[in-house]
Amino acid sequence: MSGVTVAALGDIHSNYIAFERCLQAVEKVGAQVILFMGDYVSDCACPQKTMTLIRRCMDRFDCRFVRGNREQYLLDHRAGKGSWQPGTGGGSLLYTYRRLTGEDLDFFSSMPVTRRDAFDGLPAVLCCHGTPDDLRGWMEAQPERAQVYLDQADAGLLVCAHTHRPGVYPLERGVMVNTGSVGVTTEPGLIQFALLHGEGGSWRPELVSIPYDVEAVIDTFSHDGFYEEAGLWPIMMEKQLREGGEQAIPFVERAHALWKGNGPVPESVWRQAARDVGILKA
Ligand SMILES: [Fe+2]
């Protein structure tokens, strides 16, 4: 295969409106292969709509998947690990889990944590959600490891996601690309993904950003019980989608700093944390 265009999409997070818009763009540029980088669901509403779009996509493109940490959490929950309750702490994941089918979870289970894909006349491509060793790892935090992973896999392009921070990092023998996030970007109002142009024996990564209407996504939060089941998480996500930046980590860290007791963080503490970090008005 020569002159191939590969799309790499990460971190949809149930934002099916952004995902659908992204797929239109991928179709328009004529990509033949789509690398799906994990974290398909949770954090936005109606996860079943994202799963439907993924399956439709598999009929139209050569789709290849790796698992994200969100899929791992859902599989762990099915295996009886953890104890999510409705509310801010685990409610968004529980809401998502309750709307997925056994077939959806089997599909996640079938996804590898890393994959290596060969393309004729081009360096092999190594894909992972976080790092090849850690679904929640930040590849950008250890760029010197990227070369080691590529050398070990005899590959020339490392594609990762998870941090929602798109970037292209040239290495001594290859390149690392973080695709950014389709559904939950740090830049407000944008869908972000990567196109990997395989031409003349090497890969030329291109980071793509497309504007879209986040209010249409927030509107879906009032359907299907998301506000009712997920506590303040959808309120945090409203701020995330409208303002970008990093909303979830400071919110969770503040709640855990405030809560000195045992067991799950109570909703009253989540409310205080939300006021402290500006998710709710003080
Ligand atoms: Fe992730």
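Worth pointing out:
- Looking across region 207-227, the residues that are in a helix (DSSP H, G or I) and in contact (Cβ under 8 Å) with a residue 60 or more places away in the chain come down to Ala216, Val217, Thr220, Phe226.
- Yes/no for Tyr149 being aromatic (Phe, Trp, Tyr), within 17 Å of Tyr40 (Cβ to Cβ) and not in a loop (DSSP other than H, G, I, E, B): no
- Taken over region 90-120, the criterion of being among the β-branched types (Val, Ile, Thr) and part of a loop (DSSP other than H, G, I, E, B) is satisfied by Thr101, Val113.
- Qualifying residue in region 106-127 (condition: within 14 Å of the ligand (Cβ to nearest atom), in contact (Cβ under 8 Å) with a residue 40 or more places away in the chain and buried (at least 21 other Cβ atoms within 10 Å of the Cβ)): yes
- Test: residue in region 184-196 that is over 27 Å from Ala248 (Cα atoms), out of contact with any strand residue (DSSP E or B) (no Cβ under 7 Å at 6 or more places or on another chain) and surrounded by fewer than 23 Cβ atoms within 10 Å (Cβ to Cβ): no
- Among the residues examined, Thr5 qualifies as of a type in the set (Ser, Thr, Tyr) and touching a strand residue (DSSP E or B) at 6+ places or on another chain (Cβ under 8 Å).
- Residues of region 42-76 that turn out to be within 12 Å of the ligand (Cβ to nearest atom) and over 28 Å from Thr5 (Cα atoms), as a count: 4
- For region 141-188, filtered to residues that are under 16 Å from the mean Cα position of the chain (by Cα) and away from the ligand (no atom under 13 Å from the Cβ), the residue that is farthest from Trp203 (Cα to Cα) is Pro188.
- Cβ-Cβ under 9 Å pairs, at least 6 apart or on other chains, region 23-40 side on the phi > 0 side of the Ramachandran plot, far side among the hydroxyl-bearing types (Ser, Thr, Tyr) and within 16 Å of the ligand (Cβ to nearest atom): Asp39/Ser181
- Matching helices (runs of 4 or more DSSP H) fully within region 13-86 where at least 2 residues are in contact with a Cys (Cβ under 9 Å, 6 or more places away or on another chain): 16-29, 47-60
- If you check Glu215, Glu206, Glu243, Glu253 for being surrounded by fewer than 19 Cβ atoms within 10 Å (Cβ to Cβ), closer than 15 Å to Asn15 by Cβ and within 21 Å of the chain's Cα centre (by Cα), only one passes: Glu215.
All of the numbers you see were taken from the coordinates with simple rules; none came from a lab. The model shown is predicted, which means the values in this text are computed figures rather than measured ones. With ideal geometry, Cβ positions are generated from the backbone for all residues, glycine too; neighbour counts draw on all protein chains shown.
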